[in-house]
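Structure below; questions to follow.
What follows is calculated from the coordinates using simple rules that are stated; it is not laboratory data. Computed from a predicted structure; not experimentally measured. With ideal geometry, Cβ positions are generated from the backbone for all residues, glycine too; neighbour counts draw on all protein chains shown.
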Amino acid sequence: MTTHILILCTHNSARSVLAEGMLNQLAKVRGLDVQAHSAGSAPSGRINPLALEALASAGVKTDAFRSKSWDEFTAADAPVTRIVITVCDSAASEVCPYWPGTPIQMHWGYPDPSNAQGGDEAKRQAFEITRQAIGYRMLQLLELPLADLSDADLQTQLNRIAHS
């Protein structure tokens, strides 16, 4: 049974997309039945090109990414999500809608690489550093026996990852 993980950021244009791409790529390489999705509370309608560039440089196919609303994941036909992870502080402080299946909720915040000071090269570097940091946590997540953990044990492990 597929473990669905929803990753949220307000605009669904950078950090949540980096997380979705990295988690899906890493799960695929490991042959794990895990599917990441990303969304935002106020989607921008576009993906930051530097996020797509960072993912592509890591071997992630980027043609299917789109900025989408978290409302898509509250619909009756939405996949039942086991984990919801917020990756920006503003999304973490928002009141989330009801998620079917009452998933475990976790906040793993990252600074917005779009706000990096400097020119294009400094911004590219910020996106790459953010991609790597997110990828590291996603690797730790995929090391967990997701199908075998109770919700309480999974919450404990996600908290551990958040503080490592």
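Counting Lys +1, Arg +1, Asp -1, Glu -1, what net charge surrounds residue 56 among other residues with beta carbon under 13 Å of its beta carbon?
Within the 13 Å Cβ shell, the charges total 0.
Could I have the simple spin-label model distance between residue 68 and residue 155, label points 7 Å from Cα toward Cβ, reported in nm to one decimal?
If labels sit at residue 68 and residue 155, their model points lie 2.8 nm apart.
Go through 5-17, 54-66 and give me the packing order, highest mean Cβ count within 10 Å leading.
5-17, 54-66
Next up: Using alpha carbons only, how many degrees (0 to 90, rounded to 10) separate the axis of helix 120-142 from the longest principal axis of the chain?
In the chain, helix 120-142 runs at an angle near 20 degrees to the longest axis.
Give, as ranges by residue number, the residues of the stretch 127-164 whose backbone N falls under 20 Å from the point 7 Å along Cα→Cβ of residue 80.
Flagged as within label range: 145-155.
For the stretch 3-152, with the dipole built from +1 on Lys and Arg beta-carbon atoms and -1 on Asp and Glu ones, taken about the Cα centre, which of 130, 3, 101 lies farthest toward the positive end?
Of the options given, the answer is 130.
How large is ³J(HN,Hα), in whole Hz, for each residue of the stretch 49-61 in order, when computed from phi with the Karplus curve 6.51 cos²θ - 1.76 cosθ + 1.60 and θ = phi - 60°, using x for Gly and Pro?
Per residue, the Karplus-derived 3J(HN,Hα) values read x, 6, 5, 5, 5, 5, 5, 4, 5, 9, x, 8, 6 Hz.
Then there is this: If Lys and Arg each add +1 and Asp and Glu each add -1, what is the summed charge of the other residues whose beta carbon sits under 15 Å from the beta carbon of residue 153?
-1
Something else about it: For the chain, take the longest principal axis of its alpha carbons; what is the angle in degrees between that and the long axis of helix 15-30, to the nearest 10 within 0 to 90?
60
Would you mind getting me the FRET efficiency between residue 125 and residue 56? Use the beta-carbon distance for r and R0 = 22 Å, nearest 0.05.
About 0.90, to the nearest 0.05.
Starting from the Cα coordinates of the stretch 114-164, work out the convex hull volume and express it per residue in Å³.
86
To two decimal places, what compactness ratio does the chain give when its Cα radius of gyration is scaled by 2.2 N^0.38 Å?
0.97
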